[in-house]
Amino acid sequence: MNVARKMVRWGQRKSPWILHFNTGACNACDIEIIAALTPRFDLERFGVLLKGTPRHCDIMACSGPVTRQIESRLVRIYEQVPEPKLVVAVGSCATSGGVFSGLYNVKGGIDQVIPVAAYIPGCPASPQAIIDGFAKLLKTLEEGK
Amino acid sequence: MPDKKRTVRVPIGPQHPALKEPESFMVDLQGEKISSVALRLGYNHRGIEKGCEERTYMQDLYLVERVCGICSHSHATAFIQAVEEIAGLEIPRRAKYIRTLIAELERVHSHLLWLGVAGHEIGFDTLLMYSWRDRELVMDLFAELTGNRVNYAMNTLGGVRRDIAAEQVPHIQKIVDALEERTKYYIELAMTEETLAQRLSGVGYLSKEDAIRLGAVGPTSRASGADRDTRRDDPYAAYDELDFKVITDDHCDVFGRTVVRLGELMQSYSMIRQILKQMPEGPIAVKAPLKIPAGEAVSRYEAPRGEDVHYVRANGTDRPERVKVRAPTLANTQSVAKMLEDGYLADLPIVVAAIDPCFSCTDRTIAVQGNGDSKTMGWEELVRYGVRWYRDRGVDPSRIKVRGDGLA
Ligand code: SF4
């Protein structure tokens with residue numbers, strides 16, 4: 001691994017910037033992601049910062065099942081995220097389609113379209129679960145997996 | 001006739017994956033002023049209504065609860081009320097009170113959430129952090145009373161699923177008292193803080209006539225002086241036994257919408273106290289049939305964002321033949337187009353946020369210049385543009401000091 005790459009890895013581990021992308025969620029998971037960032041839960045103590053644009057982020061936090069309209073957009077946004085990138089599926093819908101699986105306009109979980117690194121279950125995933133998921137993900141990065 | 005070359009067309013949206021009724025605004029700009037707004041609806045949908053026809057009534061209850069994760073109890077209650085009407089079920093009074101209690105708690109959490117989001121859109125992030133911190137108290141209550149922070153699944157066909165224990169009542173009261181103190185402080189802040197008045201007054205104007213003509217609902221209509229509230233006009237659950245005021249305001253702008261929502265918070269606290277005091281003893285549910293006899297019903301419900309309407313048609317089986325949902329944001333989108341006209345681009349985020357359209361996702365704006373160059377602008381970028389625009393003109397809400405307290 002060359003030095004620049006190591007630096008990027010280190011930065012990603014110590015302060016991952018996340019992009020929150022809603023792929024058709026009912027909004028509850030999204031609110032819980034924001035709640036995890038506000039004072040009570042304060043995800044920021046792990047260095048996690050919410051960013052508005054894919055080009056700045058390391059981790060994509062996707063919530064909701066992939067609907068047919070969002071599919072191409074999701075792929076486009078994913079492609080805009082610089083390497084090395086990770087995707088976290090937040091909530092049951094993002095994991096498997098959840099309560100919406102089988103609806104005519106729903107494709108299923110995020111991993112039907114793009115590769116996913118971590119799954120956080122729950123409907124909605126509680127802020128505690130989100131913090132736990134991120135902490136575990138960062139730990140695997142630490143171990144260089 | 002405006003100079004064609006100088007009109008810049010800005011499409012906003014269409015993605016609002018979070019909403020059941022995603023919307024797209026096509027905004028025409030003359031300089032920094034918005035000259036016209038065209039609206040398109042119906043982009044991103046999951047097919048919930050169709051899905052309802054393939055599932056049983058009990059399964060549908062979980063599905064409609066997830067139409068929107070912020071007013072989940074609203075959709076679930078509106079749906080179940082319609083089904084109960086067709087089946088001729090009379091639910092116990094205690095169940096009605098519990099439904100009303102959850103409904104008002106939901107309004108509290110939703111309005112506090114809105115306050116924070118509105119703060120964020122004008123660059124007042126301190127308010128976002130404080131009001132979301134206060135909101136966590138309500139979320140704790142939900143977890144305690146229903147078992148989940150969101151999507152409470154409190155309703156069941158014929159009543160509610162969980163009872164409120166006597167030991168829980170003092171705890172609810174304590175939290176309501178604490179929140180009332182905070183809300184009083186926010187009202188004082190909104191009324192006395194010069195910067196907020198400068199930033200919000202006159203922004204997103206909607207006259208009473210327009211509000212009625214365009215069918216605005218909820219706080220959006222009440223802030224324009226249109227006195228309509230389903231809880232009073234067509235009472236459901238336990239509202240006919242509660243004493244409350246419908247808050248209206250005649251500012252007709254974003255400031256007015258803030259005042260109405262803060263006022264409604266105070267009414268909700270008083271209603272919650274009345275519910276706790278008057279809640280009758282008794283069973284919480286009646287036995288309900290699996291198959292619902294043929295028939296149809298429309299049910300109205302005052303969700304935090306306005307009137308929510310559900311239509312259900314049953315055909316004698318255990319699955320509905322048709323379900324139709326009219327969520328409040330849909331009713332308000334026409335008014336938004338009107339509010340934006342003749343306003344500044346910098347005001348767009350707060351005006352759109354002021355109808356409270358569950359604006360949590362990162363939306364994308366694509367600015368297409370007249371000469372064919374196109375530029376992509378994210379929602380966050382637009383927010384920052386608005387914040388900068390006002391700061392350059394001396395209005396900077398981020399400098400407002402907010403008092404904390406020992407809560408949290
Ligand atoms: S997992 Fe549940 S709460 Fe989260 S978006 Fe899906 S339906 Fe909503």
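The values are calculated or read from the model by the stated rules, or taken from the named source; none is laboratory data. Quick caveat: nothing in here was measured; it's all calculated off a predicted structure. Ideal geometry is used to build each Cβ from the backbone, glycine not excepted, and the neighbour counts take in all protein chains shown.
Taking the conditions exactly as written (more than 12 Å from chain B (Cβ to nearest Cβ), touching a residue at least 60 places away in the same chain (Cβ under 8 Å) and more than 15 Å from the ligand (Cβ to nearest atom)), does A:Pro84 satisfy them or not?
Numbers: more than 12 Å from chain B (Cβ to nearest Cβ): yes; touching a residue at least 60 places away in the same chain (Cβ under 8 Å): yes; more than 15 Å from the ligand (Cβ to nearest atom): yes.
Yes, satisfied.
If I ask for residues that are more than 9 Å from the ligand (Cβ to nearest atom) and within 16 Å of A:Glu32 (Cα to Cα), which ones from the stretch A:61-81 would you list?
Filtering the stretch A:61-81 for residues more than 9 Å from the ligand (Cβ to nearest atom) gives A:61-62, A:66-81.
A:Ala61, A:Cys62 - these are the residues of the stretch A:61-81 that are more than 9 Å from the ligand (Cβ to nearest atom) and within 16 Å of A:Glu32 (Cα to Cα).
So is B:Arg6 modelled with pLDDT of 65 or more and touching a helix residue (DSSP H, G or I) at 6+ places or on another chain (Cβ under 6 Å) or not? I'd like the intermediate steps shown before the answer.
Values: modelled with pLDDT of 65 or more: yes; touching a helix residue (DSSP H, G or I) at 6+ places or on another chain (Cβ under 6 Å): no.
Criteria not met by B:Arg6.
Quick one: in the stretch A:53-81, of everything that is facing chain B (nearest Cβ under 10 Å) and part of a loop (DSSP other than H, G, I, E, B), which residue is surrounded by the fewest Cβ atoms within 10 Å (Cβ to Cβ)?
Filtering the stretch A:53-81 for residues that are facing chain B (nearest Cβ under 10 Å) and part of a loop (DSSP other than H, G, I, E, B), the one surrounded by the fewest Cβ atoms within 10 Å (Cβ to Cβ) comes out as A:Arg68.
Return yes or no: is A:Thr95 under 26 Å from B:Tyr385 (Cβ atoms) and in contact with a helix residue (DSSP H, G or I) (Cβ under 9 Å, 6 or more places away or on another chain)? Give the derivation first.
On the way: under 26 Å from B:Tyr385 (Cβ atoms): no; in contact with a helix residue (DSSP H, G or I) (Cβ under 9 Å, 6 or more places away or on another chain): yes.
Against the criterion (under 26 Å from B:Tyr385 (Cβ atoms) and in contact with a helix residue (DSSP H, G or I) (Cβ under 9 Å, 6 or more places away or on another chain)), A:Thr95 does not qualify.
Looking at B:Leu105, B:Leu141, B:Leu137, B:Leu112, can you tell me which residue is in contact with an Asp or Glu (Cβ under 7 Å, 6 or more places away or on another chain) and within 19 Å of B:Gln173 (Cα to Cα)?
Values: B:Leu105 fails: in contact with an Asp or Glu (Cβ under 7 Å, 6 or more places away or on another chain); B:Leu141 fails: in contact with an Asp or Glu (Cβ under 7 Å, 6 or more places away or on another chain); B:Leu137 fails: in contact with an Asp or Glu (Cβ under 7 Å, 6 or more places away or on another chain).
Sole residue among the options that is in contact with an Asp or Glu (Cβ under 7 Å, 6 or more places away or on another chain) and within 19 Å of B:Gln173 (Cα to Cα): B:Leu112.
Filter the stretch B:336-350 for residues that are closer than 16 Å to B:Ala38 by Cβ and within 15 Å of the chain's Cα centre (by Cα) and give the result. Walk me through it before giving the result.
Residues of the stretch B:336-350 that are closer than 16 Å to B:Ala38 by Cβ, as a first pass: B:336-343, B:345, B:348.
Passing the criteria: only B:Val336.
Considering only the stretch A:33-50, how many residues are under 29 Å from A:Asn105 (Cβ atoms) and either under 11 Å from the mean Cα position of the chain (by Cα) or more than 7 Å from chain B (Cβ to nearest Cβ) (or both)?
Pass one, the stretch A:33-50, residues under 29 Å from A:Asn105 (Cβ atoms): A:33-36, A:50.
From what is left, the residues that are either under 11 Å from the mean Cα position of the chain (by Cα) or more than 7 Å from chain B (Cβ to nearest Cβ) (or both) are A:33, A:36, A:50.
Matching residues across the stretch A:33-50 total 3.
Mind checking which residues of the stretch A:66-86 are hydrophobic (A, V, I, L, M, F, W, C) and under 11 Å from the mean Cα position of the chain (by Cα)?
Narrowing the stretch A:66-86 to residues hydrophobic (A, V, I, L, M, F, W, C): A:66, A:70, A:74-75, A:77, A:81, A:86.
Selection gives A:Leu86 alone.
Of the numbered conditions (1) assigned to a loop (DSSP other than H, G, I, E, B); (2) more than 14 Å from chain B (Cβ to nearest Cβ); (3) within 16 Å of the ligand (Cβ to nearest atom), A:Pro115 satisfies every one except a single condition; which is it?
(3)
Collect the residues in the stretch A:87-106 that are within 15 Å of the chain's Cα centre (by Cα) and either aromatic (Phe, Trp, Tyr) or within 12 Å of the ligand (Cβ to nearest atom) (or both), keeping them in residue-number order. Steps first, answer last, please.
Step one: of the stretch A:87-106, the residues within 15 Å of the chain's Cα centre (by Cα) are A:87-96.
Residues satisfying the conditions are A:Ala89, A:Val90, A:Gly91, A:Ser92, A:Cys93, A:Ala94, A:Thr95, A:Ser96.
Pick from B:Gly256, B:Gly215: which is out of contact with any Gly (no Cβ under 6 Å at 6 or more places or on another chain) and not in a helix (DSSP H, G or I)?
Details: B:Gly256 fails: not in a helix (DSSP H, G or I).
Within the list B:Gly256, B:Gly215, the selection yields B:Gly215.
Can you find, within the stretch B:164-176, the residue that is nearest to B:Arg261 (Cα to Cα) among those that are surrounded by fewer than 19 Cβ atoms within 10 Å (Cβ to Cβ) and in contact (Cβ under 8 Å) with a residue 60 or more places away in the chain?
B:Gln173
How many of the residues making up the stretch A:4-21 are within 13 Å of chain B (Cβ to nearest Cβ) and not in a strand (DSSP E or B)?
Residues in the stretch A:4-21 being within 13 Å of chain B (Cβ to nearest Cβ) and not in a strand (DSSP E or B): 0 in total.
Out of the residues in the stretch B:106-153 meeting the condition of being within 16 Å of the ligand (Cβ to nearest atom) and in contact with a Cys (Cβ under 9 Å, 6 or more places away or on another chain), tell me which one is nearest to the other protein chains (Cβ to nearest Cβ). Outline the logic, then answer.
In the first step, residues of the stretch B:106-153 are kept if they are within 16 Å of the ligand (Cβ to nearest atom); the result is B:106, B:109-110, B:113, B:139, B:142-143, B:146-153.
Imposing the further condition that a residue be in contact with a Cys (Cβ under 9 Å, 6 or more places away or on another chain) reduces the set to B:106, B:110, B:148, B:150-151.
Working: B:Glu106: 12, B:Ser110: 10, B:Asn148: 8, B:Val150: 4, B:Asn151: 6 Å.
Within the stretch B:106-153, the match that is nearest to the other protein chains (Cβ to nearest Cβ) is B:Val150.
Taking the stated definitions as given, is B:Asp210 closer than 30 Å to B:Glu281 by Cα and away from the ligand (no atom under 16 Å from the Cβ)?
Values: closer than 30 Å to B:Glu281 by Cα: no; away from the ligand (no atom under 16 Å from the Cβ): yes.
The answer is no for B:Asp210.
Can you give me the number of residues within the stretch A:118-145 that are more than 14 Å from chain B (Cβ to nearest Cβ), assigned to a helix (DSSP H, G or I) and free of Cβ contacts under 8 Å to residues at least 24 places away in the same chain?
Here the count works out to 4.
For the structure I just gave you, tell me whether B:Met58 is surrounded by fewer than 21 Cβ atoms within 10 Å (Cβ to Cβ), away from the ligand (no atom under 16 Å from the Cβ), within 20 Å of the chain's Cα centre (by Cα) and in a helix (DSSP H, G or I). Let's see the steps before the verdict.
Numbers: surrounded by fewer than 21 Cβ atoms within 10 Å (Cβ to Cβ): yes; away from the ligand (no atom under 16 Å from the Cβ): yes; within 20 Å of the chain's Cα centre (by Cα): no; in a helix (DSSP H, G or I): yes.
In short, no.
This table checks each residue for (1) buried (at least 21 other Cβ atoms within 10 Å of the Cβ); (2) in contact (Cβ under 8 Å) with a residue 24 or more places away in the chain; (3) in the same structural domain as B:Pro289 (by TED's automatic domain parsing); (4) hydroxyl-bearing (Ser, Thr, Tyr).
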position	(1), (2), (3), (4)
B:Ile102	yes, yes, yes, no
B:Leu105	yes, yes, yes, no
B:Val117	yes, yes, yes, no
B:Arg135	yes, yes, yes, no
B:Leu141	yes, yes, yes, no
B:Gly147	no, no, yes, no
B:Arg162	no, yes, yes, no
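Of everything in the stretch A:22-49, what is touching a helix residue (DSSP H, G or I) at 6+ places or on another chain (Cβ under 8 Å), away from the ligand (no atom under 16 Å from the Cβ) and part of a helix (DSSP H, G or I)? Give them in sequence order.
A:Leu37, A:Leu43, A:Glu44, A:Phe46 - these are the residues of the stretch A:22-49 that are touching a helix residue (DSSP H, G or I) at 6+ places or on another chain (Cβ under 8 Å), away from the ligand (no atom under 16 Å from the Cβ) and part of a helix (DSSP H, G or I).
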